[in-house]
Amino acid sequence: MLRELLARPEVTEICELRGSFGIMAFHGGNLERCTDVIAAEIAARTDSSLYAVVQAPPMREHVPSTAFDPEHSTALRSFIEHVDIVIAIHGYGREDRFWDLLLGGRNRDLAAHVGAHLRQGIDDRFGVIDDLEEIPQGLRGQHPANPVNLPIQAGLQIELPPTTRWNREEAEWSDWQGTGRAPQVEQLIDVLCGAVHSWAA
């Protein structure tokens, strides 16, 4: 399934190997909009490695996270072998969770660390949920085949609701086809960069 996705002309696979901390957004572009933008900027600002898969419009094909098998992508395999720990940026949409940032993945120390930074640094309209029991089961990022859990120290899966990625002033997705950056996106990037830097320190 992953090989077929990556073979499509509308799909761009990005792998930039820098530090041992990794940032991922493998449902980027037209699928979970703005996630690849957030991931790329965090990686650049923190000298972290980056892996992203970006789908151009009108394509919106959701390949499950567990299908992102390094055996089916040389770039993904190189990334997983290079990094020790990762943050994977995702987007989700549920009416009962319109303002909640969900922190899943198997590295719960990293989840607590990033959660503390988010609670201190983002608009208090947003909720930060890092208790796995409070996260819907399908959004917990606990499956061992999920790429967020493949590095030696596993990682953190951040699920962002639409409210974090939507530019309300321009009534369009932030950083999307000429739309400007929403203030909460800039704030989120700043906070996550701080969390990565302090974790590394």
Output for Cβ contacts, cut-off 6 Å, separation at least six or different chains, first residue under 15 Å from Ile158 (Cβ atoms) in segment 123-147, second surrounded by 11 or more Cβ atoms within 10 Å (Cβ to Cβ) and among the acidic types (Asp, Glu), reads Gly127/Asp100; Ile129/Asp100; Leu139/Glu159
Screening Leu103, Leu76 for residues that are crowded, with 22+ Cβ neighbours inside 10 Å and more than 14 Å from the chain's Cα centre (by Cα) leaves only Leu76
From the option list Asp47, Asp36, single residue qualifying as acidic (Asp, Glu), surrounded by fewer than 22 Cβ atoms within 10 Å (Cβ to Cβ) and either more than 18 Å from Asn146 (Cβ to Cβ) or out of contact with any helix residue (DSSP H, G or I) (no Cβ under 6 Å at 6 or more places or on another chain) (or both) is Asp47
Within segment 114-168, restricting to residues that are polar (S, T, N, Q) and touching a helix residue (DSSP H, G or I) at 6+ places or on another chain (Cβ under 7 Å), the one that is surrounded by the most Cβ atoms within 10 Å (Cβ to Cβ) is Gln157
Considering segment 170-185, residues that are in contact with a helix residue (DSSP H, G or I) (Cβ under 9 Å, 6 or more places away or on another chain) and free of Cβ contacts under 8 Å to residues at least 40 places away in the same chain, and then whichever is nearest to Leu103 (Cα to Cα), we arrive at Ala182
Taking segment 169-201 and the residues there that are under 23 Å from Glu95 (Cα atoms) and in contact with a strand residue (DSSP E or B) (Cβ under 7 Å, 6 or more places away or on another chain), the one that is surrounded by the most Cβ atoms within 10 Å (Cβ to Cβ) would be Ser174
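A short reminder: the numbers here are calculations on the coordinates, not readings from a lab. In this text the structure is predicted, and so the values were computed from the model without any measurement. All Cβ positions, glycine included, derive from the backbone under ideal geometry; neighbour counts span all protein chains shown.
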